[in-house]
1. Please go through region 9-25 and pick out each residue that is closer than 25 Å to residue 401 by Cα, without any contact (Cβ under 8 Å) to a residue 60 or more places away in the chain and part of a loop (DSSP other than H, G, I, E, B).
2. When the residues of region 225-245 are narrowed to those that are touching a residue at least 24 places away in the same chain (Cβ under 8 Å) and over 21 Å from residue 114 (Cα atoms), which ends up farthest from the ligand (Cβ to nearest atom)?
3. Against the condition hydrophobic (A, V, I, L, M, F, W, C), in a helix (DSSP H, G or I) and buried (at least 19 other Cβ atoms within 10 Å of the Cβ), how does residue 41 come out, does it pass?
4. Of the numbered conditions (1) surrounded by fewer than 19 Cβ atoms within 10 Å (Cβ to Cβ); (2) among the polar types (S, T, N, Q); (3) near the ligand (Cβ under 9 Å from one of its atoms), residue 276 fails exactly one; give the number of that condition.
5. Considering only residues that are within 20 Å of residue 210 (Cα to Cα), in a loop (DSSP other than H, G, I, E, B) and of a type in the set (D, E, K, R), which ones fall in region 233-250?
6. So which pairs qualify, if the first residue must be in region 352-378 and without any contact (Cβ under 8 Å) to a residue 60 or more places away in the chain, the second must be of a type in the set (Ser, Thr, Tyr) and within 6 Å of the ligand (Cβ to nearest atom), the Cβ gap must be under 9 Å, and the two must be at least 6 apart or on different chains?
7. Of all residues being hydroxyl-bearing (Ser, Thr, Tyr) and surrounded by fewer than 16 Cβ atoms within 10 Å (Cβ to Cβ) in region 187-231, which is modelled with the highest pLDDT? Just the residue, please.
8. Those residues that are within 11 Å of the ligand (Cβ to nearest atom), in a loop (DSSP other than H, G, I, E, B) and either surrounded by 15 or more Cβ atoms within 10 Å (Cβ to Cβ) or of a type in the set (Gly, Ala, Ser) (or both), I need them from region 334-370; list them, please.
Amino acid sequence: MAPHAVLDLAPAAPLDAARIADYDVFGDRLFEEEGDLHLGLYRLGEEFGRGIFWTPHNGGHWLINDYELLFEAVRTPEIFSSNNRAAQNGAMVMIPPMEGGGEPRFAPQSLDPPEHGMYRMPLMKAFAPARILAMEAGIRALAVQLIDELKSRGRAEFLEAVAEPLPVTVFMNMMGMPLQRLAEFRSWMHNIASSDDAKRADAFLNIDRAMHELIVARQTRREDDLISHLLDSDIRGRQPDMIDMQSYCLLLFTAGLDTLVNTFTFGMYHLARHPQLQDRIRADRALIPEFIEEVLRRYGVAMPPRVVAQDAEFGGVRLTKGERVLLMLPAANLDEAAFPGALEFDVDRENKTHITFNSGPHRCVGSHLARLELRVFFEEWFERMPNVRHDPANPPTYRPGLNLTICKLPLIWDPA
Ligand code: HEM
């Protein structure tokens, strides 16, 4: 394994050497040693402890991997800001820091309270549990169709067959996008996650264009879809304008697709390695909600960045305005102090309070939709499919980063 360069980037305030962790979120050496993204995060805690640490990689930034400390950090937005305006030189709140921050584009995610709340309220209404539950029958029909198409095949690449088409189709239906554009949508979703800047910029441009078209159409004629609903919402006494609407659309696209695709995939990845768990759930479907919560805990997927908005003491270190912070939510879910035997996948676990959807003002707006899609899909999967296993000739492939990703998950099974 090639050694990673440790850059000479130190925090502004003096720091004890024990608080410096050799951790690269994009090429984690612990991940490379373990071949398992989450095990790598767990080993980081074993090697450096839990708390707040500095890493010199990727421009130098703080990382928090302690359960209690993370809950405190995400509920203190006056220090841990999501807003470009708090970053130095107007750069983006990103790791590594990126130019071109400017005005925040992903409202409400890119805003802090109290401004954040004004933009969040319309989304909260659109994603309220009762509205989401009304989508159950449509999601079930789609899940059944996708599963029935692959049942007799005996093998499938899970992302291609289910984990992408299901949430992307649900999302497009919800937005009011024509499904003929499904393939295009999926390619944009891939390119947004790409490390190639040109591909990423192109994907954002395409999404912006497609959404602009749709918003203009709905401005003229409302339908029963999310865009129409948001157009009639209220941001502190006024209707959202085109910039607000495009901001909502971009945010929903970036926050609501990859995360769910990855959670579907990690869930299936775990099942394929544990035939006894498949037998147990098939015999007792009432376990499915517990199974889903344990997938969400054991395989958290998102590590959002923040910027320090003001000099502050926090968790025993001195933070300086403008420094970046990585909120390691999936690592906090593997904190032994909160989840004894944290690496074990235990559907009977008592503590279900994971932080996969974050907590505090930015807690995920789409969690009800995510849970519904996961539950309905796994109910139909266990109803229709025999036990599946990994394809020994084609092992899964992974990608570390701010979103923990399985890129390919080839599965095999014995068709009935
Ligand atoms: C398992 C699937 C999902 C996971 C793990 C997840 C995770 C998260 C996390 C960690 C955040 C906080 C980001 C931050 O603090 O900066 C977040 C925010 C958000 N999520 Fe999700 N998400 C999922 C699915 C969805 C879906 C399906 C949607 C909608 C289609 C959605 C929409 C949002 C929005 C709009 C925000 C911003 C909330 C705010 O800043 O106030 N998410 N999500």
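1. Within region 9-25, 9, 10, 21, 22, 23, 24 meet the criteria.
2. 242
3. In short, yes.
4. Single failed check for residue 276: (3).
5. Passing the criteria: only 241.
6. Going by the 9 Å Cβ cut-off, the qualifying pairs are 367/356.
7. 220
8. 354, 355, 356, 357, 358, 359, 364, 365, 366
The values are calculated or read from the model by the stated rules, or taken from the named source; none is laboratory data. Note that the structure is predicted; figures quoted are calculated from it, not measured. Positions of Cβ are backbone-derived with ideal geometry, glycine not excepted, and every protein chain shown enters the neighbour counts.
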